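See below for the structure under consideration.
The values are calculated or read from the model by the stated rules, or taken from the named source; none is laboratory data. Since the structure is predicted, the reported quantities are computational estimates derived from the model, not experimental observations. Neighbour counts run over all protein chains shown; Cβ positions are idealised from the backbone, glycine included.
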Amino acid sequence: MAFSLPTSITPPKRILVISIVVGVISGVGALLFFEGIKWGTAFFMGYLLQFRYPEEGQSVAEISQWSAPPSLALLLPILIFGSLVTGILVTRFAPEAEGHGTDAAIRAFHGDGRIRRRVPLLKAVTAILTISTGGSAGREGPSAQISAGFGSMVADMLGLSPRERRIAMTTGIGAGIGTIFKAPLGGAVLAAELLYTRDFESDAIVPSFLASVIGYVIFGFFEGYDPIFALGPIVWNAAQIPLFLLLGVLCAAFSMLYIVTFYSCRDQFAAIFERYNLPLFLKPVSGATLLGILVIALSMVSPEGEMLGLACLGSSYGFDQLMMYAMVPLSVLLFLPFLKILATSLTLGSGGSGGVFAPGLTIGAAIGGALGMALHGLAPAYVPIETVPVFVIVGMISLFGAVANAPIAVLIMVIEMVGSISILVPAMAAVGVSTLLKGEETIFRAQVPTKAQSSAHRGEYNQQVLERIPVRTAMTPGTAVLTLSPSDESGTVRDLIRATGHTGFPVMDHGRLVGVVTNRDTHASDMGEELHLPVREIMTPAPAVIHPDDSLEAALEIMVDRDFNHLPVVDRAEPDRLIGFLTRTDILKSYSESLPPGSPIA
């Protein structure tokens, strides 16, 4: 039953009401979700598998009592059970609950702002099953999707406007993530930063602050207010900054490996099940089975192999804590980034339900721990053992900040999670390097560059203003447009994108327009021999076009309806003769310049 907020309530007070309602619901939801994971893990990993799990926040004395299962015979049945039930629930009731969840929340924001009411509950149940039975996944993605779903419900319940609906959803994301990680400031900033690769959802930052604090207070009342992780003595100095810059370079490389492996696995699972017409509910089971075989095989190699395999299960926060205490051997740290990437790709790429944040932290922690331990062994006076935990934490920030295109939010979140601001300077250096080197590749494919590319902000343009502006005044003239030939290699497109910052180019053959190639087309050809594919094999042929005397309103309508960011401008009489090129950024710039001085853009 809907209850519209009275129109007499001023906009700031309406946002205040939204923040309070979303904060309370997100806090309670995050608490129930967290308890579900905790009890599920205690049952499947503790009671059935007899795995004395290391836990985040334990002291050195407590965590040193962790022990491997006496036998891994039940691991495979446990993994298969969790993935089978997850597969059945997802395919039967809510396909959008598959995978890491954050993309689904972002996609809903940029779409109609609605999430089906069944999704929060189903996402919670399937994520609890995936994580507690050993699937390599975290609780960030489910928290984002669950709380965004709560925001959508609040919008329906209160009869909110489209703008207020967006704020409610974004506020829900921030409150959910900030609450469950006890990082209210980082969660609020993450919600605003996560939606774009080069922009912020500024309207949602302040309400997210309030909602995150409310959720945090509710959650902490039951779970305590201590940071997620415990820290022992840590030391670093300015002379070590070059080493943290090196860590940033390593994290940039591993962030690309994480993204490429994750989506390659997802595509391979999808292709195999489509080719052989296999039941989709068995897709998560196939990934879980491979993960179980991998862990059992590693356990047969050596005690270090067993530790490596166990560290690939679940959210791995306990092993992150071990790394912060420098209690993980270098031999394990060297291989853990590769194995955790593979384990997460098998779990979530096959359709399991969970987040990519926790695995990303473990990957980064292992990279930082391996570098720190190696440097300590080579130069113990320069890198004492107390500096190794700093490398671990900075690695967590540097890796996932780059992977998510959210360096500021992840920096704040992890500092809140460890309860120490003293690592801020080396973390800033490392995450800055990793983010810049990695570029705009992201594990969240639903992100768009800026608000100009978001359908959610389509209504913020004044339609009458756009109708008065012809395309010719906003487009880049054909003589200034960078073009490609059908015979050019796809690697050339990637290099041009990196060199120019442009994300799309017309494809010309003997002076005639034959297609358009964009950064989306290059995603599948970023590695190996596919870099040598000719542009004609990856481009969009016979692209949608616009004419110079058409209005910007008509151009934007095509872009939004077809999810394009670029339109070739052609002669009306000769539709293959390129006159110019128009992007969403061109439209926003021309629109802004047409407004009177001092007028708001939206």
For this session: Identify, from the list Pro233, Pro242, Pro207, the residue that is in the same structural domain as Leu399 (by TED's automatic domain parsing), part of a helix (DSSP H, G or I) and at pLDDT below 95.
Result: Pro207
Problem set entry | Residues of region 82-112 satisfying the condition of being buried (at least 23 other Cβ atoms within 10 Å of the Cβ) and of a type outside the set (Val, Ile, Thr) | Gly82, Ser83, Gly87, Ala97, Glu98, Gly99, His100, Gly101, Ala104, Ala105, Ala108, Phe109
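Could you count how many residues in region 143-158 are within 16 Å of Thr179 (Cβ to Cβ) and modelled with pLDDT under 85?
Adding up the residues that qualify gives 0.
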Exercise. Within the group Gly351, Gly369, Gly314, which residue is of a type in the set (Gly, Ala, Ser), assigned to a helix (DSSP H, G or I) and either buried (at least 24 other Cβ atoms within 10 Å of the Cβ) or at negative phi (or both)?
Worked result: Gly369
Exercise. Is it fair to say Phe505 is under 27 Å from Gly439 (Cα atoms) and in a loop (DSSP other than H, G, I, E, B)?
Worked result: no
For this session: Sort through Thr473, Thr483, Thr479 and tell me the only one that's in contact with a strand residue (DSSP E or B) (Cβ under 6 Å, 6 or more places away or on another chain), over 30 Å from Gly372 (Cα atoms) and of a type outside the set (D, E, K, R).
Result: Thr483
Seminar exercise, completed: Among (1) modelled with pLDDT under 95; (2) more than 26 Å from the chain's Cα centre (by Cα), Ala270 falls short only on (2)
Seminar exercise, completed: When (1) at negative phi; (2) at pLDDT 90 or above are applied to Lys182, the one that fails is (1)
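Would you point out which residue out of Ile579, Ile587, Ile558 is of a type outside the set (Phe, Trp, Tyr) and either in the same structural domain as Phe262 (by TED's automatic domain parsing) or not in a helix (DSSP H, G or I) (or both)?
The match here is Ile579.
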Exercise. Is there a residue being more than 16 Å from the chain's Cα centre (by Cα), part of a helix (DSSP H, G or I) and either buried (at least 24 other Cβ atoms within 10 Å of the Cβ) or outside the structural domain of Leu313 (by TED's automatic domain parsing) (or both) anywhere in region 132-148?
Worked result: no
Exercise. Does Arg275 satisfy being free of Cβ contacts under 8 Å to residues at least 12 places away in the same chain and not acidic (Asp, Glu)?
Worked result: yes
For this session: Run Ser19 past the list (1) surrounded by 15 or more Cβ atoms within 10 Å (Cβ to Cβ); (2) closer than 24 Å to Ser353 by Cα; (3) hydroxyl-bearing (Ser, Thr, Tyr) and report the number of the one that doesn't hold.
Result: (2)
Exercise. When you go through Val448, Val433 one by one, which is the residue that is at pLDDT 90 or above, closer than 30 Å to Thr102 by Cα and outside the structural domain of Ala573 (by TED's automatic domain parsing)?
Worked result: Val433
Problem set entry | helices (runs of 4 or more DSSP H) contained entirely in region 4-119, each with at least 2 residues that are modelled with pLDDT of 90 or more and over 24 Å from the mean Cα position of the chain (by Cα) | 11-41, 60-63, 75-93
Seminar exercise, completed: Within region 180-192, residues being within 15 Å of the chain's Cα centre (by Cα) and either closer than 17 Å to Gly113 by Cα or part of a loop (DSSP other than H, G, I, E, B) (or both) number 2
For this session: Tell me which residues, restricted to region 535-558, are closer than 16 Å to Leu484 by Cβ, surrounded by 15 or more Cβ atoms within 10 Å (Cβ to Cβ) and of a type outside the set (A, V, I, L, M, F, W, C).
Result: Arg536, Thr540, Pro543
Exercise. Based on what the data block shows, is Phe319 modelled with pLDDT of 95 or more, assigned by TED's automatic domain parsing to the domain that holds Trp236, buried (at least 24 other Cβ atoms within 10 Å of the Cβ) and among the aromatic types (Phe, Trp, Tyr)?
Worked result: yes
For this session: Inspect all residues belonging to region 287-302 and state whether any of them is buried (at least 24 other Cβ atoms within 10 Å of the Cβ), polar (S, T, N, Q) and in a loop (DSSP other than H, G, I, E, B).
Result: no
Exercise. Can you name every residue in region 159-179 that is at pLDDT 90 or above and either among the acidic types (Asp, Glu) or outside any helix (DSSP H, G or I) (or both)?
Worked result: none
For this session: State all residues of region 573-597 that are exposed (fewer than 13 other Cβ atoms within 10 Å of the Cβ) and farther than 27 Å from His110 by Cβ; if no residue qualifies, say none.
Result: Ala573, Glu574, Pro596, Pro597
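Can you name the residue in region 354-366 that is among the small types (Gly, Ala, Ser) and over 16 Å from Thr86 (Cβ atoms) and, of all such residues, is surrounded by the fewest Cβ atoms within 10 Å (Cβ to Cβ)? Break it down into steps so the answer makes sense when it comes.
Looking only at region 354-366, we keep the residues that are among the small types (Gly, Ala, Ser), and these are 354-355, 358, 360, 364-366.
When the remaining residues are screened for being over 16 Å from Thr86 (Cβ atoms), the result is 358, 360, 364-366.
Numbers: Ala358: 25, Gly360: 28, Gly364: 36, Ala365: 34, Ala366: 31.
Here the answer is Ala358.
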For this session: Say whether the condition of being polar (S, T, N, Q) and within 23 Å of Leu89 (Cβ to Cβ) is met by at least one residue in region 279-288.
Result: yes
